[in-house]
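Colleague: Got a structure for you, questions after.
The values are calculated or read from the model by the stated rules, or taken from the named source; none is laboratory data. Because the structure is a prediction, the values reported are computed rather than measured. Cβ placement follows ideal geometry from the backbone for every residue including glycine, while neighbour counts extend to all protein chains displayed.
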Amino acid sequence: NGAAFPVALVVNGQRRELDLDTRTTLLDALREHLHLTGTKKGCDHGQCGACTVLLDGRRINSCLTLAVMHDGAAITTIEGLGTPENLHPMQAAFVRHDGYQCGYCTPGQICSGVAVLDEIKAGIPSHVTADLTSPVALSADEIRERMSGNICRCGAYSNIVDAMADAAGMTDAAGR
Ligand code: FES
Ligand code: FES
């Protein structure tokens, strides 16, 4: 019925107050209401990962969740990870390794990639690493498995894997 509900989101460190139809997805809130169009809409139903953002530090398909469910949450989009002058290490690694062609999937790939390194650091296992009693070696298989929710129509996968392996090393070196 179009009833508007107030919702406050902390987007890239800035508190944003919105009045949203309860049916508005987090993706549409970001793109249509906050004009943060770095986050992409591919399938709009959880199949492609183009809409991946970080919600309280964890990755989420923003097309699959309603904005009003996340009052008070901290959202990081690709715009909040780095700037052209000061790229996030994951963004810099994607540039170095040509981890994209058309670039449409790239914001989602990069947000997902950042979360993957955090998941590994936190000891969250994947199907590849069922046993986390020893430190995780970031193999290409491990990266592919953890990134399997992010589809690239251009097939830039091998460069994405290279970029992530590189960023993992840098991330550790930088202690982040
Ligand atoms: Fe959300 Fe495809 S647009 S998963
Ligand atoms: Fe084109 Fe991934 S770079 S879809």
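Colleague: Could you pull out every one of the helices (runs of 4 or more DSSP H) wholly within segment 59-148 that has 1 or more residues that are among the polar types (S, T, N, Q) and buried (at least 21 other Cβ atoms within 10 Å of the Cβ)?
Modeller: Of the helices (runs of 4 or more DSSP H) lying wholly inside segment 59-148, those with at least 1 residues that are among the polar types (S, T, N, Q) and buried (at least 21 other Cβ atoms within 10 Å of the Cβ) span 89-96, 106-121.
Colleague: Anything in segment 31-54 that is within 9 Å of the chain's Cα centre (by Cα), more than 6 Å from ligand 1 (Cβ to nearest atom) and not hydroxyl-bearing (Ser, Thr, Tyr)? List them, or say none.
Modeller: Scanning segment 31-54 gives 53, 54.
Colleague: Please state which one of 83, 65 is of a type in the set (Val, Ile, Thr) and over 20 Å from residue 151 (Cβ atoms). It would help to see each step written out before you state the result.
Modeller: Values: 65 fails: over 20 Å from residue 151 (Cβ atoms).
Matching residue, one of 83, 65: 83.
Colleague: crowded, with 18+ Cβ neighbours inside 10 Å and within 16 Å of ligand 2 (Cβ to nearest atom): does that describe residue 43? Steps first, please.
Modeller: On the way: crowded, with 18+ Cβ neighbours inside 10 Å: no; within 16 Å of ligand 2 (Cβ to nearest atom): yes.
No.
Colleague: Any idea which of 110, 60 is under 17 Å from residue 46 (Cβ atoms), without any contact (Cβ under 8 Å) to a residue 40 or more places away in the chain and within 16 Å of ligand 1 (Cβ to nearest atom)? Break it down stepwise before answering.
Modeller: Values: 110 fails: under 17 Å from residue 46 (Cβ atoms).
Only one candidate qualifies: 60.
Colleague: Still on this structure, please answer the following. With 88, 127 as the choices, which residue is more than 16 Å from ligand 1 (Cβ to nearest atom) and at pLDDT 95 or above?
Modeller: Within the list 88, 127, the selection yields 88.
Colleague: Taking segment 46-64 only, how many residues are away from ligand 2 (no atom under 16 Å from the Cβ) and on the phi > 0 side of the Ramachandran plot?
Modeller: Qualifying residue count for the region: 3.
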